[in-house]
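This report refers to the structure that appears directly beneath it.
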Amino acid sequence: MKIGIDISQVVYEGTGVGRYVRELIPSLIQLAPNDEFILFGSSLRQKLKLREFMDQIRKKYSNVRTVLISLPPSVLDVLWNKLHILPITWIIGSIDVFWSSDWTQPPLGKAKGITTIHDLSFLRYPESFHSKIVEVHKRRLNQVKKECVRYLCDSEATKADVIRYCHFPANKCVVVYPGIYGK
């Protein structure tokens with residue numbers, strides 16, 4: 001199986017999503033040594049950090065290919081979440097599955113889409129967020145709902161929120177607890 005993964009979030013080292021992606025990637029690759037992984041990343045200002053992570057992973061695992069493009073997240077948000085153009089397969093080639101973790105959702109063509117939803121605090125407590133943030137996340141989730149076949153939720157509470165606030169089908173929401181990191 002060919003699995004495409006957006007790893008752009010790894011450059012945000014101080015964030016939960018950045019750490020989640022950074023720690024999850026090697027584990028996923030180890031669990032599926034017969035599958036091919038295409039790690040996709042996009043950044044303009046942080047591309048060196050992204051390249052370093054990609055190089056580390058590629059050196060460790062023979063079933064990994066990487067694709068790095070120099071576009072800021074705001075450009076991909078417009079292309080993918082507003083205009084919904086430029087399928088990911090045009091950038092990384094043919095894939096069976098594409099997983100994203102930040103709701104910058106490309107058109108997938110024939111590939112199956114999976115995303116992780118960590119929380120919906122912007123919908124539960126919209127008064128705590130700038131209205132633009134709420135608007136952007138709602139738009140992104142709309143594309144996720146159209147493109148993805150599974151929604152990985154960090155907890156039962158997040159799953160309930162996804163069903164309640166976003167009206168995602170319950171049978172497509174799966175609770176997958178984040179792993180425990182320790183050194």
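The values are calculated or read from the model by the stated rules, or taken from the named source; none is laboratory data. Given the structure is predicted, the values throughout are model-derived calculations rather than measurements. Reconstructed Cβ throughout: ideal geometry from the backbone, glycine too, with neighbour counts over all protein chains shown.
Go through the stretch 35-52 and report how many residues are touching a helix residue (DSSP H, G or I) at 6+ places or on another chain (Cβ under 7 Å) and under 23 Å from residue 96 (Cβ atoms).
Result for the stretch 35-52: 6.
Is there any pair linking a residue in the stretch 89-107 that is closer than 14 Å to residue 42 by Cβ and in contact (Cβ under 8 Å) with a residue 40 or more places away in the chain to one that is among the hydroxyl-bearing types (Ser, Thr, Tyr) and surrounded by fewer than 21 Cβ atoms within 10 Å (Cβ to Cβ), with Cβ under 7 Å and at least six apart or on different chains, and which?
Listed by first residue and then by second, the contacts come to 101/20.
Looking at the stretch 131-146, can you tell me whether even one residue there is in a strand (DSSP E or B), β-branched (Val, Ile, Thr) and crowded, with 17+ Cβ neighbours inside 10 Å?
no
Answer yes or no: is there a residue in the stretch 60-80 that is at pLDDT below 95 and basic (Lys, Arg).
Checked the stretch 60-80: no residue is at pLDDT below 95 and basic (Lys, Arg).
For the stretch 100-128: of the residues being of a type in the set (A, V, I, L, M, F, W, C) and either in a helix (DSSP H, G or I) or under 18 Å from residue 158 (Cα atoms) (or both), which is modelled with the lowest pLDDT? Step through it out loud before you land on a result.
Kept after step one, since they are of a type in the set (A, V, I, L, M, F, W, C), are these residues of the stretch 100-128: 103, 108, 111, 114, 117, 120, 122-123.
Imposing the further condition that a residue be either in a helix (DSSP H, G or I) or under 18 Å from residue 158 (Cα atoms) (or both) reduces the set to 103, 114, 117, 120, 122-123.
Details: 103: 88, 114: 97, 117: 96, 120: 96, 122: 96, 123: 96.
Within the stretch 100-128, the match that is modelled with the lowest pLDDT is 103.
Test of understanding: among 154, 161, which residue is surrounded by 14 or more Cβ atoms within 10 Å (Cβ to Cβ) and in contact with a helix residue (DSSP H, G or I) (Cβ under 8 Å, 6 or more places away or on another chain)? Walk me through how you get there before you give the answer.
Details: 154 fails: in contact with a helix residue (DSSP H, G or I) (Cβ under 8 Å, 6 or more places away or on another chain).
On inspection, the qualifying residue turns out to be 161.
Does the stretch 164-178 hold any residues that are crowded, with 17+ Cβ neighbours inside 10 Å and either over 18 Å from the mean Cα position of the chain (by Cα) or more than 25 Å from residue 28 (Cα to Cα) (or both), and which are they?
Answer for the stretch 164-178, where residues must be crowded, with 17+ Cβ neighbours inside 10 Å and either over 18 Å from the mean Cα position of the chain (by Cα) or more than 25 Å from residue 28 (Cα to Cα) (or both): 166, 168.
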